[in-house]
Structure formats: structure tokens, C-alpha cells
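Enquirer: One structure coming up, written as C-alpha cells, with questions to follow.
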Protein chains: 2
Amino acid sequence: MHKILLTLSLLLTLSLHATENLPSWNEGTSKQSIINYVQTVTKKGTADFIPVKDRIATFDNDGTLWGEQPLYFQVIFAMDRVKALASEHPEWKTTEPFKSVLADDMHGVMKSGVKGLLQIVNVTHSGLDVETFKSEVKEWLKTAKHPTLNRPYTDLIYQPMMELIQYLEANDFKVYIVSGGGIDFMRAFVPKMYGIPEEHIIGSSGKVHYKDGKIMKDDEIYFIDDKETKPLAIYRNIGKRPVAAFGNSDGDFAMMEYTEANDKYKTFQLYVHHTDDKREVAYDRKSHIGKLDKGLDYALKNNWTLVDMKNEWKVIYPFELNQ
Amino acid sequence: MHKILLTLSLLLTLSLHATENLPSWNEGTSKQSIINYVQTVTKKGTADFIPVKDRIATFDNDGTLWGEQPLYFQVIFAMDRVKALASEHPEWKTTEPFKSVLADDMHGVMKSGVKGLLQIVNVTHSGLDVETFKSEVKEWLKTAKHPTLNRPYTDLIYQPMMELIQYLEANDFKVYIVSGGGIDFMRAFVPKMYGIPEEHIIGSSGKVHYKDGKIMKDDEIYFIDDKETKPLAIYRNIGKRPVAAFGNSDGDFAMMEYTEANDKYKTFQLYVHHTDDKREVAYDRKSHIGKLDKGLDYALKNNWTLVDMKNEWKVIYPFELNQ
């Protein structure tokens, strides 16, 4: 009798455990691989155990934790800001890429290339202190809506990934964001929306200078956090090699490869694969934003976890939970 | 009777508390100001309460947490490394500043100025991956001895400051180092010696590049973390304004001023003042290393905590505890 009760209680615990973690993930390969990894490396006294201090997990943001189509949301913010600041800059009416932004001519904006986009980011992200800038982002997020989904951008975070972050944190992982997005832009919403604090947000950043107790944003790029510079950012800000890395594009490949090259601990790599053309956007090898090509081949060949959004996620966004 | 017991128990608690915290600090102004601050801002439900997530404390390293005389220990490491690498560089025998280093001619080294020192640091801190570099530092620390005290450099950390770090951490402060020292050099010993993890170590750094899963150190300075750039480093790596800052020189002034300009929370600033010419070295306004002049005036005028090492510290180094 005693034995039966124990077994029942164990089963109950196990089943509770199973329903508690990652509730928006369908049972399947990805969910199982995540849980297997976490259970394996957190089991004290085993060969694969990772001490708490070394449980570093790094996540890309755009396309991994929230949407990035049809354009990185920060670029849309920058374009909206061009419009908001236009009255102070009459010259923009006749100068590219601003002229195209003001005319809502996306084709024209795109024609200006990376150089044009950086110009737009530079002029819209400078000339003020970082705290004021973050307030501007927060204000924008309150009212701006996604062009096709007609929802605030903060609605477009991925519910299953939020659960994954919580699951890792509950198992004493330190979760960092390592994104091509700007640190101030992300710091304006990530702490509140994801529960990840400012000091765990690594990203691209502009030049700044110190003046009278404030950090002032200058009109120049300081660091672009993408591809081979992601490991450099991790080295500078964390100083430890992550044991787990999460991304969705070739831009995350070096970070994941750097993680996999950890010769001390068992590691984990996961790509979010955008396979859902109904609930989100299906894209990979040929996308201009979030291209996943080289990384997809490597993931398939090397048994990295590849999340099939369409089939493995019960919901994409948090608001679906209430529908 | 009940009341008396309560009072006795309260007194006992208070006295236990007093003997537990900061045991190597003499009773006095500095110890009291530290304890007052921490007790004030950690008391829930009061106006000065600081939520745990915003309890960020930043410490300088050289001269604040360990010694820095007669030369920054990292510079001594670099000079020792010039000697160790000399056989691979026959040209150093005839080229300054290396010639002077190899001849143990400190005057000659000093004559090469900042440019010469950077040259020494660059060539001795590059051409290998960061993990191998840290191993080299660890090896050096095992055998190298301070020129006058004849002790390993890791013996020369300040016991009262270690207790201060522990006291802050016990009160849920996140403690960071923000130092002019190199991040790899510090990461080789700080986690073990101070209990501060790699991801809380901010400092100067050289350029690096990513290759085959490794971070390779290049022969060029990337970022010098000193004076007005300390707030910038804090902004980039932490993204929150600290509430408490600790330093010993004018090089820390901007970090402390930036902390004081926190308009949300009560803040704390502390200068370690090197007043002990017997147990350590007495220096301030006129020192070439760790000059404290402008900061000293400001601290005196603005009621910052100024630690009189000679009179306020029972011991300077941990090894004194066992004597």
C-alpha cells in the first residue's frame, strides 16, 4: 500500500511537472529536447551537471523572442520618429533616405540600403540622453501598431519563448539577450515584457558621451551586435561561454557555434524556424530579414533543436491565450 | 518580565549584528555611514527603500579593492611577460620601451610615457585566445611577488573591502567592478578572490576577433575604462544607474558623480583614502598612480564617505587576520 501511494504521488508530481513547464508547447521533439537538456545538466552529482554560476543562456531577440516582419520593429520606430521630427528638419523633404520615409515609400527606403538605414537610425537615436530616449520608445510602443496585424508591437512577443525563459530561470540559468537591436530600444520594454533585467540586455549601440551626470547619445554607430560580433559581445559583457543559445537566423550562427564549442559542459542550441504562414510569416533561406540558410543546414546536420513554429507551438502570441 | 526579555533579545540581536558585519572596520564614521545607508535603503515600506533589482553597486579595483603601488600590478605582469617573451623578440633588446623593461630600468620605462606603457600592454596581451591568456595570468599570480612586500599579489587585496562587498551582497546588492584594469586580467583572479563573477567585471579591453569558436586577442586597445568613460561602461554593461559607488582616485570621480546624480534613489559614495604610510602607502593629491585631488575636495565638501585607512581599518590584508 505504502509503495502504491508513493508511486501515485510520484506520478502526480511528474504529471504536474509536465503540465507546468512550457504549457504553450505541443508535446514533441523540441519540447522534449529542451526538458531533457535542462533536467540533464541540473541533476547534481552526474557527469553533465553544470554549476549554477555557469548556467548562462543567450537569446537573440528579433525573430526569436518577438516578430521581425515585415521590418525590424526598431526600424519602424526610427521611421515613425523621422516623421515626428520632420518639422525640425525641412531639408529631409528633399534628401534621401528621409524623403522616401516621409512619403511612406518603402521601396525608396530599401533602395538606400544599409547606409540609408543606419542614417535613419543615427539621426533618430541621437541628440538626447538615454533616459529621455527610452521614454520616447515607451511612448511610441503605447500607440504604434503593427502594419498588418494592427496590434501594439509588445503584443507580438512569442508566448512559448517567454515560457522557455521562465523555465530556464526557474532552473537557475542566467538568461541574457544578445541581439542586433539597440540596447536602449530593448531596455525600454524588455525588462517589463520579458522579465529580463537591463543588465542582461546586450545589443548594438551608438556612441555616447558623459555630460553633467547624463549619458548623451551621439549621431554614430559604436557597435553592431551581429554574426561574428555576437561572441565578442558575450565575451565583453559576460566573460563566460554560454551553455545554451537560442536564435532564428544566420546572424545568430556564430553565437550558437561559440556556445557549442564549450569544451567544459554539455551545450544546447535551438533555432526558431518560422514555418507558420497562417499565424505568423513563413520564411527562412531567402528572406531579407532573418535569413536562415547556412544555419539551417548546420542545424539539420548537427542535431540542433529546430522549432517548427507551425506544429510545435499551440499559440504564438500571449493574447491568443485569452481567445 | 516579558518586556525585559524582549529588550534583552533585541540588544543581543543588535550586538550580534554589529559584530557580524564589517569585522575588520573600527567603529567610526565610515563604518557607521555604510551601515546606516544599507539599513536605510533596505527597509521595506520606507521612503528610501530601494527595490532589489535596482541595488547596483560599482567598485573600482586598483587602489580600492587591492593595492596599486608602486605600479598597477597588471603593468608589472606585462613587464614580466616582456621578459618571458623576449627570446621570441630579439628586436626588443634594442627597441624602447622593451629595452628598458629588459634592463629593469623603471626610469626608462616611465620615460616612454602612456604610449610606451600601452605598447607594452598591447604586445604582451595579444596573439592568443582569451582563455589561454587568463591561464597565463593565473600562472603568473602563483609565483610573482610584490617588489617591496615580497608577497603574491593576490595577498594584497583589502580585507575590509572584501567584507564590505559581502555585506552589500548579503543585502541583495549586485556588486560590479568598474576598473581601468583589463577584463581578462581581472577575470583571471577576481571571481575566486572576491567572489564576484566574470559577468560583473567591467574594465578596459583590447580589440578581439572571433575565430573557430575562440575569442582571439588583438594587438590594439578597444576601450579604456577610466574617468568619464566609466559611466559609459556602466551604461553599456549594466544599463542602470548605480546607487552606490566606491573608488579611491580622481579616475573614479565621474562614476561616483554619475551615481550621485541618481534622481530616483538615495545614493552612497565612498573613497578609500590611502593614509597609512606604515602598513601600506600614504598617497593622494600628488601621486602618479591613483591621484586623488579633485575628488578629495568634492568628497570633503559634499559629505561623501572618506575612509581613513590608517585609523579605520583594523587590518589591511587578509593575511594579517592570521597573525
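The values are calculated or read from the model by the stated rules, or taken from the named source; none is laboratory data. The structure presented is a predicted model; accordingly, all values stated were derived computationally and were not measured. Cβ coordinates were reconstructed from backbone atoms using ideal geometry, including for glycine residues, and neighbour counts include every protein chain displayed. Areas reflect the complete protein model, heavy atoms only, side chains present, ligands, DNA and RNA absent. Shrake-Rupley method; radii C 1.70, N 1.55, O 1.52, S 1.80 Å.
Enquirer: Looking at chain A, send over the antiparallel percent of its DSSP beta bridges, to the nearest 5.
Expert: On the way: 10 of 29 bridges.
Bridges in chain A that DSSP calls antiparallel: roughly 35 percent.
Enquirer: Can you give the accessible area of residue B:297 in Å² (nearest 10), computed on protein heavy atoms with a 1.4 Å probe?
Expert: 80 Å²
Enquirer: Check each residue of segment B:254-285 and keep those whose accessible area, probe 1.4 Å, is at least 10 Å² smaller with all protein chains in place than in the chain alone; give them in order of residue number.
Expert: B:257, B:258, B:261
Enquirer: Right, something else. How high is the relative contact order of chain A? Use alpha-carbon pairs under 8 Å, at least six apart in sequence, and give a whole percent.
Expert: Answer for chain A is 22 percent.
Enquirer: What list of ³J(HN,Hα) values in whole Hz, one per residue of segment B:54-61 in order, does the Karplus curve 6.51 cos²θ - 1.76 cosθ + 1.60 (θ = phi - 60°) give from phi, with Gly and Pro shown as x?
Expert: Along segment B:54-61, the couplings run 9, 7, 9, 10, 10, 10, 5, 10 Hz.
Enquirer: May I pose another question? With every protein chain present, what accessible area does residue B:224 have (1.4 Å probe, heavy atoms only), rounded to the nearest 10 Å²?
Expert: Rounded to the nearest 10, the figure is 80 Å².
Enquirer: Quick one: accessible area per residue over chain B, 1.4 Å probe, rounded to a whole number of Å²?
Expert: Working: 14930 Å² over 323 residues.
On a per-residue basis, 46 Å².
Enquirer: Can you spot the lysines whose alpha carbon is less than 19 Å from residue A:286's alpha carbon? Ignore those fewer than 8 places along the same chain.
Expert: Filter leaves A:111, A:227, A:278, A:294, A:310.
Enquirer: Which order do you get for A:187, B:285 if you rank them by accessible area with a 1.4 Å probe, largest at the top? Mind showing how you got there, number by number?
Expert: On the way: A:187 10, B:285 85 Å².
Result of the area sort, largest leading: B:285, A:187.
Enquirer: Order the following by accessible area, largest value first: A:259, B:40. Probe radius 1.4 Å; ligands, DNA and RNA are ignored.
Expert: B:40, A:259
Enquirer: Starting from the Cα gyration tensor of segment B:62-153, take the square roots of the eigenvalues, sort them a ≥ b ≥ c, and report rounded, prolate or oblate (rounded when a/c is under 1.5, otherwise prolate if a/b is larger than b/c, else oblate). Walk me through the numbers on the way to the answer.
Expert: On the way: a/c = 1.66, a/b = 1.18, b/c = 1.40.
Oblate shape, in that a/c is at least 1.5 and b/c is the bigger or equal ratio.
Enquirer: Still on this structure, please answer the following. With θ taken as phi - 60° and the coefficients 6.51, -1.76 and 1.60, list the Karplus ³J(HN,Hα) couplings across segment A:232-244 in order, rounded to whole Hz; mark glycine and proline as x.
Expert: Here the 3J(HN,Hα) series is 5, 5, 5, 4, 5, 8, 10, x, 10, 7, x, 9, 9 Hz.
Enquirer: Let me ask something additional. Quick one: buried accessible area between B and A, total over both chains, 1.4 angstrom probe, nearest 100 Å²?
Expert: Between B and A, the summed buried area is about 3100 Å².
Enquirer: List, shortest first and in nm to one decimal, how far the label point of residue A:147 (7 Å from Cα along Cα→Cβ) is from its counterparts in the other copies.
Expert: Label-point separations across copies, in nm and ascending: 6.5.
Enquirer: OK, next. Which value results for Rg/Rh of the protein assembly as shown when Rg is the Cα radius of gyration and Rh the Kirkwood radius based on the inverse mean 1/r?
Expert: Details: Rg = 27.1 Å, Rh = 27.2 Å.
Looking at the protein assembly as shown, the ratio lands at 0.99.
Enquirer: Which shape class applies to segment B:54-100: rounded if a/c is under 1.5, otherwise prolate when a/b exceeds b/c and oblate if not, where a ≥ b ≥ c are the square roots of the Cα gyration tensor eigenvalues?
Expert: prolate
Enquirer: Now for a separate question. Would you mind checking which residues have amide H under 5 Å from residue A:208's amide H? H placed 1.01 Å from N; only 5 or more apart, or other chain.
Expert: A:218
Enquirer: I'd like the antiparallel share, as a percent to the nearest 5, of DSSP beta bridges with both residues in the protein assembly as shown. It would help to have the intermediate numbers written out before the result.
Expert: Values: 20 of 58 bridges.
Roughly 35 percent of the DSSP beta bridges within the protein assembly as shown come out antiparallel.
Enquirer: If I compute solvent accessible area with a 1.4 Å probe over the protein chains, what percent of it on the protein assembly as shown is carbon and sulfur?
Expert: Exposed carbon and sulfur together represent 54 percent of the surface.
Enquirer: Let me have the 222 nm mean residue ellipticity of chain A computed from DSSP H runs of 4+ only, each contributing -39500 (n - 2.57), with the sum over all residues rounded to the nearest 500.
Expert: When only DSSP H runs of four or more count, the value is -12000 deg cm²/dmol.
Enquirer: Using the alpha carbon gyration tensor of segment A:231-296, what are the three equivalent-ellipsoid semi-axes (square root of 5 times each eigenvalue), largest first, in whole Å? Walk me through the numbers on the way to the answer.
Expert: Working: eigenvalues 135, 28, 18 Å².
Computed over segment A:231-296, the values are 26, 12, 10 Å.
Enquirer: As a check on your reading of the symmetry: which chain B residue has its Cβ nearest the axis that brings B onto A, and how far is it in Å?
Expert: So the chain B residue sitting closest to the axis is B:237, 3.
Enquirer: Still on this structure, I have one more. Based only on the alpha carbon positions, what is the Kirkwood hydrodynamic radius of chain A, in angstrom?
Expert: Numbers: mean 1/r = 0.0475 Å⁻¹.
For chain A, inverting the mean 1/r across all distinct Cα pairs yields 21.1 Å.
Enquirer: I would also like to ask the following. What gaps in nm, shortest first, separate residue A:126 from its twins in the other copies when you place the label 7 Å past Cα toward the beta carbon?
Expert: Result, one decimal in nm: 2.8.
Enquirer: How would you rank B:118-125, B:236-243, B:190-197, highest first, on the average number of other Cβ atoms within 10 Å across their residues?
Expert: B:236-243, B:118-125, B:190-197
Enquirer: Also, I was wondering about something else. If you count the DSSP beta bridges with both ends in segment B:181-305, what percent of them are antiparallel, to the nearest 5?
Expert: For segment B:181-305, the DSSP antiparallel bridge percentage is about 55.
Enquirer: Using θ = phi - 60° and the Karplus relation 6.51 cos²θ - 1.76 cosθ + 1.60, list the HN-Hα couplings for segment A:172-189 in order, rounded to whole Hz, with x at every Gly or Pro.
Expert: For segment A:172-189, the Karplus curve yields 6, 7, 8, 9, 10, 9, 10, 10, x, x, x, 5, 6, 4, 5, 5, 6, 9 Hz.
Enquirer: Please calculate the 1.4 Å probe accessible area of residue B:148, with all protein chains present, and give it to the nearest 10 Å².
Expert: Looks like 110 Å² after rounding.
Enquirer: Along Cα→Cβ at 7 Å, what distances in nm separate the residue B:46 label point from those on the other copies, shortest first?
Expert: 4.7
Enquirer: How much space per residue, in cubic angstrom, does the convex hull of the C-alpha atoms of segment A:214-256 take up? Please list the in-between numbers first.
Expert: Details: hull volume 4.4 nm³, N = 43.
Hull volume over Cα atoms, normalised by residue count, gives 103 Å³.
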